Each structure stands twice: as structure tokens, then as C-alpha cells.
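The values are calculated or read from the model by the stated rules, or taken from the named source; none is laboratory data. Predicted, not measured: the structure shown is a model, and the values here were computed from it. Cβ placement follows ideal geometry from the backbone for every residue including glycine, while neighbour counts extend to all protein chains displayed. To get the accessible areas, we keep the full protein, side chains included, count just its heavy atoms, and leave off ligands, DNA and RNA. Shrake-Rupley method; radii C 1.70, N 1.55, O 1.52, S 1.80 Å.
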Amino acid sequence: MSAPTLFDQAPARPVPAPAGADPAPRTYTVTLKTGLKLLNANQRPHYRQRAERTAALRAAAMEAVSESPALMTALAAAKPQPLFQRAHILGVLHPPTNGRRDPANWYPSFKAAVDGLVDAGLLEDDDHTRVLGPDMRLGSVVKGGQLVLHIRELAPGEQWPDLGAVAS
């Protein structure tokens, strides 16, 4: 068993904002069930097999949302609007075994899971104006493997980072 990483810990609860200040952004964790067949950018599966895995990942993300009482309550309160106008998504891959991995290779799996979040009503769409990420990280080993999505609301007026300015 590998040592726990920063991404294995439950997200910290937001600290209450001082009176009169904007409330802390909402954060939720969506944990997909273990043992799902994941998509890897290095694989070249038949298009039908790829479509089946994509559909299964989307459905698993929707199911994980529907099984979260906190998310279902928040979604009901937000109706008819999506829960988030804009959000940052951190995706954590918990591999089934130890070994070297490049978490970015599992982008197709993360993309399908994010599409499931849109299907569930968390976001109107997953385009660049609404979603920052998914940023992919490697977590600790979980029997069967698992994807976990940490979603943080971007506050109104919170700016996207200007990475081009850093490169200049």
C-alpha cells in the first residue's frame, strides 16, 4: 500500500466568512464507484467499446451525484438553474495497483465523468467559460481503481489565471 497523498484527504470544510463578506465558495466531492473500465489516451479501442465506456463513466458520475444528499439538496435549491455558474474541477485517479502513471493519460475518463456532472445539472456546460480543469492528479491505490472529482465553485468576479502572462 502506498503512502497517503494530499489528494486522499477529504476536502477541508470552508471556513465561515466574516459578517458582510462574500460566503466561501461551495465545494463538493463526487466519488465514482470502484472497478469502472477507464479510458486511457494511449489506448485505441474499437469505437463501440469506447462509446460504451464513455457512457458508463457518464452514468457513474450522474449516479454518484444522485447518491449525495448534499448535492441533491443543493441542486433542488438551485433549480431551474445549474448548481454552479463556474467551477474548478480537480480529478484524482486512484489506480488499482502501485506503479508509475501519467494521470493526464486518463483525460478521456475524466472528460466523460465531467460530462456526467453536466448531465446531472451541476453545470450548464463544460466549456472553457464555465469550467477550469479538469486538473488531473494521482491519488493512492484503491482496489479496483477509482476516479474522484473535487468541484470548487468559482466566486463571481474570480478571474481565470492568465498563464500567458507568466510565460512572457
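Filtering region 82-125 to residues that are over 23 Å from ALA55 (Cβ atoms) and exposed (fewer than 15 other Cβ atoms within 10 Å of the Cβ) leaves THR97, ASN98, GLY99, ARG100, ARG101, ASP102. Is one or more of the residues making up region 92-99 in a helix (DSSP H, G or I) and at pLDDT 95 or above? No, there is no match, as no residue in region 92-99 is in a helix (DSSP H, G or I) and at pLDDT 95 or above.
When restricted to residues that are more than 20 Å from ALA78 (Cα to Cα), part of a loop (DSSP other than H, G, I, E, B) and either open to solvent by 50 Å² or more (accessible area, probe 1.4 Å) or touching a helix residue (DSSP H, G or I) at 6+ places or on another chain (Cβ under 7 Å) (or both), region 128-157 contains 4. Of all the residues in region 1-60, those that are modelled with pLDDT of 85 or more and either outside any helix (DSSP H, G or I) or exposed (fewer than 14 other Cβ atoms within 10 Å of the Cβ) (or both) number 27. Going by the conditions given, is VAL141 touching a Ser or Thr at 6+ places or on another chain (Cβ under 8 Å) and closer than 22 Å to LYS37 by Cβ? In short, yes.
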